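To start, the structure itself, in structure tokens.
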Amino acid sequence: MTNSVVDLRPPANLVSRKAVLFWATRAAIGWVVVLAGEGVWLGLTGWSPLVVALVVTAVVAIAHLAVMPQWRFRVHRWETTPQVVYTQSGWINQERRIAPVSRIQTVDTERGPLERLFGLANLTVTTASARGPVQIHGLDIEVAQRLTQELATQTQATPGDAT
């Protein structure tokens with residue numbers, strides 16, 4: 001991609017493979033909360049239709065945990081050039097975003113407790129766009145730090161008013 005125009009193709013770089021386990025773990029925590037709540041409700045009321053609800057919830061949770069992380073991994077991509085930051089994200093609703101380096105205002109990394117556990121970081125590139133920042137989730141921490149430095153350097157060297 002040497003031209004200043006980005007080809008309409010998926011960006012070249014996948015997120016970290018560790019993001020698959022991170023997404024599965026984060027989703028599993030949510031499903032455990034739901035299943036525990038249903039289990040407590042069943043235990044307190046003894047209402048037999050809740051058994052069906054508990055089984056249905058467990059089946060949906062297993063399907064979600066089996067499909068979603070792999071699907072997201074195949075979709076989430078990113079790429080940078082001296083001219084643009086290009087991302088693709090989502091798993092049901094997919095989105096591609098292209099942000100000119102000349103419009104970058106800030107570049108930030110963010111790591112919650114679960115991301116730290118998996119050695120991951122999220123990169124947020126804030127631009128002068130009404131659409132909001134461009135985000136890349138699930139990067140290895142080393143990649144996120146390198147990318148932050150590269151984008152900050154490119155932004156400094158790129159003429160433009162970032163507005």
> Tally time: how many residues in the range 9-52 are under 17 Å from the mean Cα position of the chain (by Cα) and of a type in the set (D, E, K, R)?
Replying inline: 3
>> Considering only the range 139-148, I want to know if a residue exists there that is in a loop (DSSP other than H, G, I, E, B), under 29 Å from Val67 (Cβ atoms) and modelled with pLDDT of 95 or more.
In response: no
>> Condition first: open to solvent by 60 Å² or more (accessible area, probe 1.4 Å) and assigned to a helix (DSSP H, G or I). Now tell me which residues in the range 149-161 satisfy that.
In response: Gln149, Glu150, Thr153, Gln156, Ala157
> Do you know which of the residues in the range 83-121 that are at pLDDT 95 or above and assigned to a helix (DSSP H, G or I) is surrounded by the most Cβ atoms within 10 Å (Cβ to Cβ)?
Replying inline: Glu115
>> Every residue in the range 35-82 that is assigned to a loop (DSSP other than H, G, I, E, B) and open to solvent by less than 70 Å² (accessible area, probe 1.4 Å), please.
In response: Gly46, His76, Thr81
> Taking the range 95-120, which residues are over 24 Å from Arg26 (Cβ atoms) and basic (Lys, Arg)?
Replying inline: Arg103
>> Among (1) out of contact with any His (no Cβ under 6 Å at 6 or more places or on another chain); (2) surrounded by 17 or more Cβ atoms within 10 Å (Cβ to Cβ), there is one condition Gln135 misses while meeting the rest; what is its number?
In response: (2)
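The values are calculated or read from the model by the stated rules, or taken from the named source; none is laboratory data. These numbers were taken from a predicted model, which means no experiment stands behind them. Backbone-built Cβ (ideal geometry, glycine too); neighbour counts: all protein chains shown. Just so you know, the surface numbers come from the protein's heavy atoms only, side chains and all, with ligands and any DNA or RNA stripped out. Shrake-Rupley method; radii C 1.70, N 1.55, O 1.52, S 1.80 Å.
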